[in-house]
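In what follows, a single structure is set out as structure tokens and then discussed.
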Amino acid sequence: MRRSPPFTVFKRACYLVLTLIVCSAERGLAQPAASNAAIIEQGEYLARAGDCIACHTAPGGKLFAGGRPMPTPFGTLYSSNITPSPDTGIGKWSADAFYATMHTGRLPDGGLLYPAMPFGAYTKVTRADSDAIFFYLRSVAPVEAANKPHDLRFPYNNRSLILGWRTLFFTEGEYKPDAMKSTEWNRGAYLVQGLGHCAMCHSAINALGGSSESKAFQGGLIPMQHWYAPSLTSNKEAGLGDWSLADISDYLRSGVSHRGAVYGPMAEVVYNSLQYMTDGDTLAMSVYLKSLAEGSPPDPPASTVPGAESSLLMSLGKTVYDAQCASCHGAQGRGMTPQYPPLAGNQSIQMESAVNPIRMVLNGGYPPGTAANPMPHGMPPFAQFLSDDQVAAVVTYIRLAWGNRGTAVSAGQANELRSALLN
Amino acid sequence: MRARSQAMCRGMHMAAIKGLKDDRRKPRQDVSDWENPRVCLVEQPAAAAGGWSALEMTGLSPKLSRPSRPKQKAHILSGLYIWVFVLLLLLPVHSGQAQPIDSAPDTMEARMLPCASCHGVQGQGTNNDYFPRLAGKPAGYLYNQLVAFRIGRRHYPPMNYLLEFLPDAYLRAMADYFAAQRPPLPPAAITIVSKDMLALGQSLVVQGDPGRGIPACAGCHGPSFTGMEPAIPGLLGLKPSYISAQLGAWRYGTRSAAAPDCMQIVAGHLTETDVTAVAAWLSTLPAPANPAPVPRGTLAMPLACGSEPN
């Protein structure tokens, strides 16, 4: 039965009034009402995309109560309380203030944020997404926990120095879609450049603690952590030009793939953030990341290890490999994917920096436990059992065997990484 | 560098002993090496392992099987079946171009390989003094330790690192796996401590010293020292160095448990001599007839412990 026109008009009017009420409630920034459940849920999703929890929740601590120490070359920073506690958190903030902080790196009182907070990336986040995150943060349990003062050495304890840093390294502005690219690509770019703040690790950090936009995603050693965040633009590192979209998506979401497994600091990113992304967003990021890979860069410089020593390392390395590694990674380095990654043809093994393969041999590790791979297989630590010479030998072997094009590493390099911070 | 690190490791051991001296207010820097993540990755140079096959040393020989190809039966009843049969015959020829990819065994044993090099494939322990036996300890105890390592409450960087991004359910599965293992206990150790020292150890372990506020270990860890469900560990099959290091860690806060932390209280009452005696006597005990932990609530515990519902 067709309803009469007056009823339809009345219904539309009701909807309009309802919509206006909902909108005005949002604009008025009152306490999030039940009708805002969807926004809060979206905010939670976006907060995961931004991996807020990784820094703003201390290990074993309360959600978003801050206090996590973050060692930097300049001293130790402590993350802040972003729960809705009025006195110690952001309970008195407005959505405007929250957006302004995310967008400009300035606190509501005018203070400047240290760039450990990735506002250089978050500035690309839209107002709508920022508001959703804000409403979500307003919905979590308030925790009374005062922010811990940072412990920075002179002269880095002078916040006005951040002005100089901002001039050099910070460009304010929301993400501008590229009309020449697909919607999917733009969504991926927005997530990777913005909330994902991938460039924070995957770009070289210079002595001033900054990274230039022109070198974004070109890789670099992560200060303090002694892991190398490989270039996302070079197919000889973590460039994904010759990966399938399915493998990239698997890697991001489950932590393992047929091409490689997640390890080191990236495990944290997948554990806290990427595993929660929707299939659509994961695919969008994969599309964008794959497009970042450029043509072949120049070959890595020749090894500093003399040829004779390199031959010895290869021969000892094969002995170590066959005894210790081949049972999982295979005599030909093909792995047992996705649980045990292949080493033959694996960019992560061959890239110029040998830091990561050396550390994997020393420290072993599990990929993150994710919804798609809740009980990952892992690799034993070998630091206790292999000498520096043996570590150098086996890493040299996997970097050069089976057509791999890496360079030899020395016992000295292996030894240096024994003292790297573990977590 | 390496020599220095090894010296630091030895420093840790000495600190573990020193840390148990009577002066409880001894400055913490004495044990700073415990907290130094550089320590103990270099604890054992490879030469010590002789043949240096870490996994071999643990008796580990992973059985890796290729997926078997199901045998096809063709019934030659009609032309259609014949064609199917012919196609099936051709199939391996075509797929033979790409070799089948092995997949890792879908077992807990395979998943626990990272633990095996230090703890043994069944969690029976290894020759290393500081890597404890896990097998047969109550699952609740093992789970509590795994969580404590993951969040840093219990401080040992190689363990903190390995567990950092593993979910609760997996840690429970790990705990259940090692709790269910029953490899034989090692033979009783031949101790080098004096008879008097052993007598002191036996007395403290079995009777405690009420005058000094020290309860008997047996009061919570069971008359055969096999622990109590769900969360009190057995004390058998552990090296004296491990026991003394753990008691030191409790005293200095690098190891703690849910409040009230009964072991912190007990460790605080023990002298260095007490610890040496207790650790030595425990290591001389033969394996009991029944290695299982006693059931929950069997013992009326002398102290309240946050980890053990009482």
*asked:* Calculate the FRET efficiency for A:F154 and A:L421 from the Cβ-Cβ distance with a Förster distance of 25 Å, rounded to the nearest 0.05.
replied: 0.60
*Using only atoms on other chains, find how many Cβ atoms lie within 10 Å of each Cβ of peptide B:176-183 and report the average.*
0
_Inter-probe distance in nm under a simple model that places probes 7 Å from Cα toward Cβ, at A:A146 and B:H269_ = 3.8
*asked:* Compute for the range A:105-241: radius of gyration divided by Kirkwood radius, i.e. Rg/Rh, restricted to C-alpha atoms, rounded to two decimals.
replied: 0.99
*Magnitude of the Cβ-charge dipole of the range A:307-418, K/R +1 and D/E -1, about the Cα centre, nearest 20 debye?*
260
*For the range A:183-292, what is the accessible area per residue in Å² when the probe is 1.4 Å?*
37
*Whole-percent carbon and sulfur share, accessible surface of the range B:195-283, 1.4 Å*: 61
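What's the magnitude of the charge dipole for chain A around its Cα centre, counting Lys and Arg as +1 and Asp and Glu as -1 at the beta-carbon? Answer in Debye, nearest 20.
Working: 31 positive and 31 negative charges, 186 e Å.
For chain A, the charge dipole is close to 900 debye.
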*In the range B:145-160, which residues become less accessible by 40 Å² or more once every protein chain is in place, relative to the chain on its own, using a 1.4 Å probe?*
B:I151
*Convert each backbone phi in the range B:231-236 into a coupling constant with the Karplus relation 6.51 cos²θ - 1.76 cosθ + 1.60 (shift: θ = phi - 60°), then list the ³J(HN,Hα) values in order as whole Hz, x for Gly and Pro.*
9, 9, x, x, 10, 8
*So how long is each side of the range B:195-283 along the principal axes, counting just the alpha-carbon atoms, biggest first, in Å?*
36, 27, 26
*Name the residues of the range A:352-387, by number, that are at least 40 Å² less accessible with every protein chain in place than in the isolated chain; the surface is that of heavy atoms, probe 1.4 Å, without ligands or nucleic acids.*
A:Y366, A:M375, A:H377, A:P380, A:P381, A:Q384, A:F385
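Using a 1.4 Å probe on protein heavy atoms only, how many Å² of accessible area do B and A hide from each other, summed over both chains and rounded to 100?
Counting both chains, the buried surface is close to 4300 Å².
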*asked:* Counting heavy atoms of the protein chains only and a 1.4 Å probe, report the per residue accessible area for the range A:41-127 as a whole number of Å².
replied: 38
*Looking only at other chains, what is the average number of their beta-carbon atoms within 10 angstrom of each beta-carbon in A:321-328?*
3
*Could I have the simple spin-label model distance between A:A371 and A:D96, label points 7 Å from Cα toward Cβ, reported in nm to one decimal?*
3.7
*Report, ordered by chain and residue number, the aspartates and glutamates lying within cross-link reach of A:K215, taken as a straight Cα distance under 19 Å and ignoring same-chain residues fewer than 8 apart.*
A:E172, A:E237, A:E294, A:D299, A:E352
*How big is the charge dipole of the range B:190-310 about its Cα centre, in debye rounded to the nearest 20, if each Lys and Arg gets +1 on its Cβ and each Asp and Glu gets -1 on its Cβ?*
120
*asked:* Can you compute the FRET efficiency between A:D242 and A:T319 using 1/(1 + (r/R0)^6), with r the Cβ-Cβ distance and R0 = 41 Å? Round to the nearest 0.05.
replied: 0.80
*Accessible carbon and sulfur surface of chain A relative to its total accessible area, %, 1.4 Å*: 61
*Taking the Cβ of A:L112 as the centre, find all other residues whose Cβ is under 9 Å away and add up their charges (Lys, Arg: +1; Asp, Glu: -1).*
+3
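Taking every residue in B:163-174, how many Cβ atoms of other protein chains lie within 10 Å of its Cβ, on average?
Going residue by residue through B:163-174 and averaging, the value is 5.
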*Heavy-atom accessible area per residue, the range A:300-423, 1.4 Å probe: how many Å²?*
33
*Could you compute the FRET efficiency for A:A38 and A:D87, with r as their C-beta to C-beta distance and R0 at 35 Å, rounded to 0.05?*
0.70
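The values are calculated or read from the model by the stated rules, or taken from the named source; none is laboratory data. If you're wondering where the values come from, they're calculated on a predicted model, not measured in any experiment. Ideal geometry is used to build each Cβ from the backbone, glycine not excepted, and the neighbour counts take in all protein chains shown. Quick note on the areas: whole protein, heavy atoms, side chains included, nothing else; ligands and nucleic acids left out. Shrake-Rupley method; radii C 1.70, N 1.55, O 1.52, S 1.80 Å.
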